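Each remark here refers to the structure printed beneath this line.
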Amino acid sequence: MFKIVRKYSLNDTTDFLSVYAPRIAAKAKPGQFIIFRIDETGERIPLTIAGYDRAAGTVSVIFQKVGKSTIKLGEMKEGDEILDFVGPLGTPSHLDGYRRVAVIGGGLGCAIAYPQAKYLHEQGTEVDMIVGFRSKDIIILEEEMRACSNTLTILTDDGSNGNQGLVTDGLKQKIESGAQYDLVIAIGPPIMMKFVCRLTKQYGIKTIVSMNPIMIDGTGMCGGCRVTVGGKIKFACVDGPDFDGHEVDFDELIRRNRMYAADERHARDAHCNLMKMANTEQR
Amino acid sequence: MPNMQLNKVPMPEACPAVRSRNFEEVAHGYSAEDAMLEAQRCLNCKNRPCVSGCPVNVKIPDFIAKVAEGDFEGAYAIIRSTNALPAVCGRVCPQENQCEGKCVRGIKGESVAIGRLERFCADYHMQHAEKTTPCKSDETSVRVAVIGSGPAGLSCAGELARRGYRVTVFEAFHTAGGVLVYGIPEFRLPKAIVKTEIEGLQAMGVEIALDTVVGRAVTVDELFEEGYAAVFIGSGAGLPGFLGIPGENSCGVYSANEYLTRVNLMKAYREEYDTPIIHAKRVAVVGGGNVAMDAARCAMRLGAEEVSIVYRRSEAEMPARREEVHHAKEEGIIFRVLTNPAAISADDDGFVTAMTCDLMRLGDPDASGRCRPEPTGEQIALDVDTVIVAVGTSPNPLIRMTTPGLDTDRRGCIMTADGVSTSREGVFAGGDAVTGAATVILAMGAGREAAKKIDAYCREKGYRDEKNS
């Protein structure tokens with residue numbers, strides 16, 4: 001069992017959670033992930049590690065309450081225990097030796113992009129963060145991201161923060177105004193990563209993306225997380241989750257991530273209805 | 001006077017039409033009367049060919065003599081002295097190629113039903129005995145780390161515990177048992193049985209650390225730093241192979257590992273579990289081994305209308321056990337042999353709609369001694385919505401990638417000098433991680449052998465002296 005030591009909301013749909021898991025905390029590196037399972041009948045869900053405290057033995061994740069398992073995780077409180085919490089999984093990101101890096105985050109992807117930016121910044125790399133959200137209300141980690149970047153550009157789809165646009169617009173502007181990047185890191189929805197890669201390919205800038213496919217074990221045993229990279233099958237859980245974005249077949253990833261869309265909707269709705277009924281009864 | 005009936009006492013089984021739609025165990029097991037009657041068929045031969053056919057050398061005629069007398073606990077004790085998991089082996093061993101394959105009664109008629117008798121004794125013990133296997137280790141005992149809780153790891157851990165070592169088994173998954181829980185389905189090997197066997201080991205002092213991925217959370221070298229005197233690697237062959245044909249990443253194409261894990265470990269067939277799985281109507285399972293049979297029979301039980309095995313050679317070359325093929329056919333699985341997948345097509349959303357296959361004929365024997373399949377030039381398109389790829393697995397690379405100095409061959413299998421000693425001092429290995437995908441009992445045999453070598457190593461190194469043995 002793994003105890004929740006800290007938990008709070010970042011916005012209506014996104015929570016921060018810190019878990020006591022000393023073996024994982026001792027080894028975790030940026031880019032790696034964990035898999036949790038709340039209880040005996042729960043699914044195994046991968047989440048990227050957002051932070052770790054080796055001294056305290058804690059590992060933190062930031063997650064969006066979108067499906068049954070993440071909604072249930074969101075209902076848990078500090079002091080509660082999660083049945084399974086395994087990691088650190090995946091190959092750590094290679095972040096050493098870069099001079100200037102643009103770190104692009106989309107929505108929840110900022111939770112994954114943030115530790116990478118932080119690591120780079122601590123190494124003395126010049127970091128420009130360009131992040132996008134649907135609207136101003138759901139911006140997360142603003143202070144943290146500002147603290148670990150030389151410049152932070154926040155864009156919103158609806159312009160509610162006064163800066164409307166897509167992350168690709170922000171990146172293009174930086175490049176056009178003379179920023180010389182030796183690496184772009186793009187983490188967010190597959191469609192965003194696809195378009196960032198399309199842009200950086202035009203400029204010939206190496207681009208690393210972080211994959212978020214469906215998986216079970218996270219150790220290379222099921223092959224459910226396979227992605228096509230450079231025409232070859234790769235397992236995101238062991239070969240990744242970071243890959244050369246110019247080689248990834250994003251359309252295939254998007255299709256594969258929708259494999260259980262109907263079941264996911266059904267499970268989420270059933271769980272939400274159950275909670276509604278329970279709340280009504282309490283009243 | 002031996003029972004000279006030519007045939008085995010029949011095994012009671014669930015009716016195919018009913019069982020093919022549920023996950024309950026197919027073979028019900030012998031009654032005490034059945035077992036005693038069958039035991040009397042053993043001639044108690046002097047040269048004991050059956051024992052030489054068993055990878056863990058169960059003293060077969062001795063235990064069968066006890067069964068014939070009605071001393072079932074006595075029989076169990078004899079089996080258990082060399083076999084850590086008799087209830088498992090009695091169910092899943094390919095006895096026809098091992099003990100039973102060597103039985104003299106098999107020359108004229110059927111061999112003695114050694115596997116069924118082993119299972120009977122184990123089940124009898126589980127139902128009747130109190131768990132009294134004592135724990136022989138304490139805080140001061142020499143510690144050994146076992147990586148993987150599958151057949152090799154459990155057997156090694158059991159033998160080490162019996163010899164007084166303090167054993168920790170590291171398991172990546174949330175449940176112990178390895179292939180016994182994620183791979184072999186409930187209807188062939190009820191998970192409650194695996195659980196009971198593992199609880200037996202825990203009662204002997206074996207500690208099981210779940211959710212711990214060696215190679216990520218901790219490396220082999222760090223295990224030594226933590227104070228383990230020796231390490232056994234029994235991490236199996238869990239990396240699934242794929243066909244390398246167009247369309248293989250379509251939605252609805254599974255590795256057998258993924259499909260079976262969703263069904264067996266993650267219980268996708270039970271309503272109360274959240275595990276999603278495609279409830280397919282028309283399924284093609286590619287491959288001819290036991291894993292392919294398990295996947296096909298699971299798909300049928302999940303409600304498929306049509307399930308076929310697609311295999312590129314003929315039925316004679318199939319590596320699956322005869323019994324598994326027979327059970328699959330009884331349950332309505334279609335066998336499309338001499339059929340080799342060429343491409344998978346999908347709709348606009350990426351979901352499988354068909355699998356095109358080359359029709360094959362058998363040519364001259366290849367390196368494996370089996371006739372090589374060659375394309376006839378003809379193709380067929382199978383109307384399917386799910387494809388399960390069961391064409392073999394290879395060892396997981398995590399441990400070899402993170403253990404400097406551990407020699408592996410080009411297939412990724414750990415190399416050993418004597419079957420279990422690796423190129424690293426104090427590091428032993430066995431089971432599929434060494435041999436590539438093989439059987440439960442071979443892995444168990446290797447685990448037990450490694451335990452003996454670990455014991456010898458610890459004594460030689462002076463970690464353990466004769467006094468505290």
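Screening A:Gly230, A:Gly240 for residues that are within 20 Å of A:His94 (Cα to Cα) and surrounded by fewer than 18 Cβ atoms within 10 Å (Cβ to Cβ) leaves exactly one candidate, A:Gly230.
The residues listed here are B:Ala17, B:Ala35, B:Ala77; of these, the one that is touching a Phe, Trp or Tyr at 6+ places or on another chain (Cβ under 7 Å) and small (Gly, Ala, Ser) is B:Ala35. Selection of region B:233-266 for residues being more than 7 Å from chain A (Cβ to nearest Cβ), over 19 Å from B:Glu171 (Cβ atoms), surrounded by fewer than 24 Cβ atoms within 10 Å (Cβ to Cβ) and not hydroxyl-bearing (Ser, Thr, Tyr) yields B:Gly241, B:Leu243, B:Gly244, B:Ile245, B:Pro246, B:Gly247, B:Glu248, B:Gly252.
Each row is one residue, and each column tells you yes or no for (1) of a type in the set (Val, Ile, Thr); (2) at negative phi; (3) in contact with a helix residue (DSSP H, G or I) (Cβ under 6 Å, 6 or more places away or on another chain).
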site: B:Pro86; (1), (2), (3): no, yes, yes
site: B:Cys89; (1), (2), (3): no, yes, yes
site: B:Glu96; (1), (2), (3): no, yes, no
site: B:Glu100; (1), (2), (3): no, yes, yes
site: B:Cys103; (1), (2), (3): no, yes, yes
site: B:Gly109; (1), (2), (3): no, no, no
site: B:Ala113; (1), (2), (3): no, yes, yes
site: B:Tyr124; (1), (2), (3): no, yes, yes
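Return yes or no: is B:Arg312 more than 21 Å from the chain's Cα centre (by Cα) and buried (at least 21 other Cβ atoms within 10 Å of the Cβ)? Judged against the criteria, B:Arg312 is a match. When you look at A:Asp239, is it of a type in the set (Asp, Glu), touching a strand residue (DSSP E or B) at 6+ places or on another chain (Cβ under 6 Å), within 13 Å of chain B (Cβ to nearest Cβ) and more than 30 Å from A:Glu75 (Cβ to Cβ), yes or no? It is false that A:Asp239 is of a type in the set (Asp, Glu), touching a strand residue (DSSP E or B) at 6+ places or on another chain (Cβ under 6 Å), within 13 Å of chain B (Cβ to nearest Cβ) and more than 30 Å from A:Glu75 (Cβ to Cβ).
Scan region B:374-397 for residues that are of a type outside the set (D, E, K, R), within 14 Å of chain A (Cβ to nearest Cβ) and surrounded by fewer than 23 Cβ atoms within 10 Å (Cβ to Cβ) and jot them down. Give the steps one after another, and end with the answer.
First pass over region B:374-397, keeping only residues of a type outside the set (D, E, K, R): B:375-377, B:379-382, B:384, B:386-397.
Among the residues that remain, those that are also within 14 Å of chain A (Cβ to nearest Cβ) are: B:386-397.
B:Val391, B:Gly392, B:Ser394, B:Pro397 - these are the residues of region B:374-397 that are of a type outside the set (D, E, K, R), within 14 Å of chain A (Cβ to nearest Cβ) and surrounded by fewer than 23 Cβ atoms within 10 Å (Cβ to Cβ).
Answer yes or no: is there a residue in region A:16-33 that is within 25 Å of A:Ile208 (Cβ to Cβ), away from chain B (no Cβ under 14 Å), in a strand (DSSP E or B) and not basic (Lys, Arg). Yes: one or more hits.
Scanning region A:63-74 for residues that are surrounded by fewer than 23 Cβ atoms within 10 Å (Cβ to Cβ) and touching a residue at least 60 places away in the same chain (Cβ under 8 Å) yields A:Val66, A:Gly67, A:Ile71, A:Lys72. Is it the case, given these coordinates, that A:Val209 is on the phi < 0 side of the Ramachandran plot, within 14 Å of chain B (Cβ to nearest Cβ) and not in a helix (DSSP H, G or I)? Spelling it out, it is not the case that A:Val209 is on the phi < 0 side of the Ramachandran plot, within 14 Å of chain B (Cβ to nearest Cβ) and not in a helix (DSSP H, G or I).
Restricting B:Ala451, B:Ala443 to residues that are surrounded by 21 or more Cβ atoms within 10 Å (Cβ to Cβ) and either among the β-branched types (Val, Ile, Thr) or touching a Phe, Trp or Tyr at 6+ places or on another chain (Cβ under 9 Å) (or both) narrows the list to B:Ala451.
Residue-wise test of (1) over 28 Å from B:Ile208 (Cα atoms); (2) modelled with pLDDT of 95 or more.
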{"site": "B:Ile60", "(1), (2)": "yes, yes"}
{"site": "B:Arg80", "(1), (2)": "no, no"}
{"site": "B:Gln98", "(1), (2)": "yes, no"}
{"site": "B:Phe120", "(1), (2)": "no, yes"}
{"site": "B:His125", "(1), (2)": "no, no"}
{"site": "B:Pro134", "(1), (2)": "no, no"}
{"site": "B:Ser141", "(1), (2)": "no, no"}
{"site": "B:Val144", "(1), (2)": "no, yes"}
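Within region A:107-141, the residues that satisfy the criterion of being in contact with a Pro (Cβ under 9 Å, 6 or more places away or on another chain) and assigned to a loop (DSSP other than H, G, I, E, B) are A:Gly107, A:Leu108. Kindly state which helices (runs of 4 or more DSSP H) lie completely within region B:1-95 and contain at least 2 residues that are surrounded by fewer than 19 Cβ atoms within 10 Å (Cβ to Cβ). Those helices (runs of 4 or more DSSP H) span B:16-19, B:32-39, B:49-52, B:60-69, B:72-80. For region B:96-119, the candidate set comprises residues that are among the charged types (D, E, K, R) and not in a loop (DSSP other than H, G, I, E, B); within that set, the residue that is farthest from B:Ala438 (Cα to Cα) is B:Arg105. Annotation note: of B:Gly53, B:Gly90, B:Gly106, the sole residue that is touching an Asp or Glu at 6+ places or on another chain (Cβ under 9 Å), free of Cβ contacts under 8 Å to residues at least 24 places away in the same chain and not assigned by TED's automatic domain parsing to the domain that holds B:Leu180 is B:Gly106. Reported count of residues in region A:64-110, each being within 14 Å of chain B (Cβ to nearest Cβ) and of a type in the set (Ser, Thr, Tyr), is 3.
Filtered by the rule that a residue be assigned to a helix (DSSP H, G or I) and either of a type in the set (Gly, Ala, Ser) or in contact (Cβ under 8 Å) with a residue 40 or more places away in the chain (or both), region B:217-228 gives B:Val220, B:Asp221, B:Leu223, B:Phe224.
Screening the candidates A:Asp217, A:Asp263, A:Asp251 for the property of being over 27 Å from A:Asp157 (Cα atoms), facing chain B (nearest Cβ under 9 Å) and surrounded by fewer than 20 Cβ atoms within 10 Å (Cβ to Cβ) yields one hit, A:Asp263.
Taken over region B:267-281, the residue count meeting the criterion of being at the interface with another protein chain (Cβ under 7 Å from one of its Cβ atoms) and either under 17 Å from A:Asn257 (Cα atoms) or buried (at least 21 other Cβ atoms within 10 Å of the Cβ) (or both) is 3. Of the candidates A:Pro88, A:Pro22, A:Pro92, the single residue that is without any contact (Cβ under 8 Å) to a residue 60 or more places away in the chain and either closer than 29 Å to A:Leu120 by Cβ or in contact with a Phe, Trp or Tyr (Cβ under 9 Å, 6 or more places away or on another chain) (or both) is A:Pro22.
Condition check ((1) in contact with a Ser or Thr (Cβ under 9 Å, 6 or more places away or on another chain); (2) touching a residue at least 40 places away in the same chain (Cβ under 8 Å); (3) within 30 Å of B:Thr339 (Cα to Cα); (4) assigned to a helix (DSSP H, G or I)) across all residues:
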{"position": "B:Ile388", "(1), (2), (3), (4)": "yes, yes, yes, no"}
{"position": "B:Gly405", "(1), (2), (3), (4)": "yes, no, no, no"}
{"position": "B:Arg410", "(1), (2), (3), (4)": "no, no, yes, no"}
{"position": "B:Thr416", "(1), (2), (3), (4)": "yes, no, no, no"}
{"position": "B:Phe428", "(1), (2), (3), (4)": "yes, yes, no, no"}
{"position": "B:Val434", "(1), (2), (3), (4)": "yes, no, no, yes"}
{"position": "B:Met444", "(1), (2), (3), (4)": "yes, yes, no, yes"}
{"position": "B:Gly447", "(1), (2), (3), (4)": "yes, yes, no, yes"}
{"position": "B:Lys453", "(1), (2), (3), (4)": "yes, no, no, yes"}
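The values are calculated or read from the model by the stated rules, or taken from the named source; none is laboratory data. Keep in mind that what you see is a predicted model, and the values were worked out from it rather than measured. As a convention, Cβ positions derive from the backbone with ideal geometry for all residues, glycine included, and neighbour counts pool all protein chains shown.
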